[in-house]
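Single-structure report; data block below.
The values are calculated or read from the model by the stated rules, or taken from the named source; none is laboratory data. No experiment lies behind these values; they were computed from the predicted model shown. Cβ coordinates were reconstructed from backbone atoms using ideal geometry, including for glycine residues, and neighbour counts include every protein chain displayed. Each accessible area value is taken on the protein alone, full model and side chains, heavy atoms only, with ligands, DNA and RNA left out. Shrake-Rupley method; radii C 1.70, N 1.55, O 1.52, S 1.80 Å.
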Amino acid sequence: MEFEKFFIDKFFKKLSKETFTVAYWDNERRQYGRDLSKFTIVLNKPIPKYKILEDPYLAFGEAYMDGDIDFKGNLRQVLESVYKNEESFLSTPNIIKKISHIIPTSMHQQKEDIQYHYDLGNDFYKLWLDETMSYSCGYFEKENESLYEAQLNKIQHILKKLQLKKGQRILDIGSGWGWLIIEAAKKYGVKSLGITLSEEQYKKTKERIKKDGLEDLVDVKLMDYRHLADSDTKFDRIVSVGMVEHVGRASLNEYMETIDKLLKPRGISLLHCITGQVESEVNEWIKKYIFPGGYIPSVRELVAMMPDYDFHLVDMESLRLHYFKTLKKWAENFEGVIDQVRNMYDEKFIRMWRMYLNGCAASFHHGVIDVHQFLFTKGLNNDLPLTRKYLYK
């Protein structure tokens, strides 16, 4: 036990620049730093040294899920203090040392990975998402906007960028619960198709389409985007929001190739996705418990692929701090309905999702990941507005 404490003590000395306290399993308390303690880490039992050395993300994530470690203080702020310390394990990109996903993700595996996360049930997600059921970064035009307003802003922001015209066809790859394809049809009179691998999202979107009487303009299919490319269907506009992170590193070129097959010449596509500062694997805790098969591409990785398909990058926008605010609100909403979640899932699940939402919020605030919107055309399109001011408004 003393050996474990000696190692953990050395680890905590480099954890944060802020002063904090550790309450050890034998009732000893140690303060790290000289100022007023900002938070307390409670170690209910030792975390084995080999686990920390092997993978600190996984070691501490699982320890929190199992109740072996607790925090007194705001969990997100605790994690932010670790991200802000350049010497901590959270502060630098997890640069790839080996490529684990050397084989493109199969359609069967991708469906399983998507359903693992998104088919937890509409009853679960509607507890803490906004009315649009949007499960991606919002867009806060004003500081005090609600999550619902920010998600509506995001959808309109995307639709404006796409320069939609009545009668065009738009495809949303990974269409979630369908709000974007429905809004596109309502506001611009376009024919909208959404595709998803989540049965829960598919059923909810079908309900929304029928409720709004938009069956002639809007449809959703439960299918892999690669199957759609086997048809002769072509689209004027293609959008995907928070989907490409699920395709895997080895399948990124296949994604771009599919866009090329489906997009009409001079067509416009918008890719909204989480990005990394460098090419890196998703940490093992996220991959094991939250997003199996996930991979976060870098900006340079995505942009470098575009010329191979004659895609011309028109605009790129970072929404990193918008995602911080979105995740912060999701985490607060989650805590606000915790009793209802407890009726559906056990304590380990609750702790897992609490760590996931707060950890992601901290990472987008002070970490090494971002979220970008890439707007590109297939071949030259000289009909777009000359400036971003008119492109967005």
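With both residues required to sit in the chain, DSSP beta bridges show an antiparallel share near 55%.
For the chain, the relative contact order works out to 18 percent when only alpha carbon pairs closer than 8 Å and six or more residues apart are counted. Taking label positions 7 Å along the Cα-Cβ direction at both Lys51 and Glu149, the computed distance is 4.4 nm, reported to one decimal.
Projecting label points 7 angstrom from Cα along Cα→Cβ for Ser231 and Leu313 puts them 3.2 nm apart.
Of all the options Arg29, Arg226, Arg249, the one that moves most in a Gaussian network model of the chain with Cα springs shorter than 10 angstrom is Arg29. Highest mean packing first, where packing is the average number of other Cβ atoms within 10 Å per residue, the peptides 326-336, 207-217 line up as 326-336, 207-217.
Just Phe311, Phe235, Phe71 to compare: in a GNM of the chain, with alpha carbon springs under 10 Å, which one fluctuates most? Of the options given, Phe71 has the highest mean-square fluctuation. As a fraction of the 1.4 Å probe accessible area of segment 315-393, surface on carbon and sulfur atoms comes out at 52 percent. Comparing mean-square fluctuations of Arg169, Arg342, Arg76 from a GNM of the chain with C-alpha springs under 10 Å, the top value falls on Arg342. Taking θ as phi - 60° and the Karplus parameters 6.51, -1.76 and 1.60, the scalar couplings of segment 22-29 work out to 10, 9, 7, 5, 9, 6, 6, 10 Hz in sequence order, x denoting glycine and proline.
Between Lys142 and Asn74, the FRET efficiency estimated from the beta carbon spacing at R0 = 30 angstrom works out to 0.80. Protein heavy-atom accessible surface, 1.4 Å probe, per residue over the chain: 46 Å². Here each label is just a point 7 Å from Cα along the line to Cβ, and for Met305 and Lys211 those points are 3.4 nm apart. What FRET efficiency do you get for Arg29 and Asn333 if R0 is 35 Å and r is their Cβ-Cβ distance, rounded to the nearest 0.05? Approximately 0.55, to the nearest 0.05. Converting the Cα gyration tensor eigenvalues of segment 275-377 into ellipsoid dimensions via √(5λ) gives semi-axes, longest first, of 32, 15, 11 Å. Computed per residue of the chain from DSSP H runs no shorter than four, each worth -39500 (n - 2.57), the mean residue ellipticity at 222 nm is -12500 deg cm²/dmol.
Once the C-beta distance of Glu87 and Arg388 is scaled by a Förster radius of 30 Å, the resulting FRET efficiency is 0.20 to the nearest 0.05. Of the solvent-accessible surface of segment 214-314, computed with a 1.4 Å probe over protein heavy atoms with every protein chain present, carbon and sulfur atoms account for 49 percent.
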